[in-house]
Amino acid sequence: MIEKHYWKIKQAALNIDLCVVSKHHSIEEIQSYYDAGERIFAENRTTELVSKAAALPKDIAWHYIG
């Protein structure tokens, strides 16, 4: 029974995406995460999200958190 649940959880973990919260981080810092392979970012301020999205690569998936 434990082994069954172990494999179910292990398989589910393969479908997890990391969302980097970029609040209070500079464009240069976010770019370094992008260069390391991250593509999903989140902001909680509209003005920050708009300015960062304009300055960074267009294939970033932005999320608004609040």
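Read the figures in this text as sums done on the coordinates, not as results from a lab. As the structure is a prediction and not an experimental result, all values here were calculated from the model. FYI the Cβ positions are ideal-geometry reconstructions off the backbone, even for glycines, and counts take in every protein chain you see.
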Note, segment 39-47: 3J(HN,Hα) by Karplus (6.51, -1.76, 1.60, θ = phi - 60°), whole Hz, Gly/Pro = x, goes 10, 10, 10, 9, 10, 10, 10, 4, 4
Show me, for segment 18-35, the HN-Hα J-couplings you get by feeding each phi into the Karplus relation (A = 6.51, B = -1.76, C = 1.60, θ = phi - 60°), rounded to Hz, glycine and proline as x.
8, 10, 7, 7, 9, 3, 6, 10, 6, 4, 5, 5, 5, 4, 5, 5, 4, 4
List the residues whose amide H sits under 5 Å from the amide H of Val20, counting only those 5 or more places along or on another chain, with H placed 1.01 Å from N in the peptide plane.
Ile40, Phe41, Ala42
Cα-based Rg and Dmax for segment 19-64, in Å, come out at 9.1, 25
For the modelled label position 7 Å from the Cα of Ala42 along Cα-to-Cβ, which residues of segment 1-21 have backbone nitrogen atoms closer than 12 Å?
17-21
Summing -39500 (n - 2.57) over the DSSP H runs of n ≥ 4 in the chain and dividing by its residue number, what mean residue ellipticity at 222 nm do you reach, to the nearest 500 deg cm²/dmol?
-14000 deg cm²/dmol
Determine the gain in length on full extension of the stretch Lys23-Ala53; use 0.36 nm per residue of separation and subtract their C-alpha separation, reporting nm with one decimal.
9.5 nm
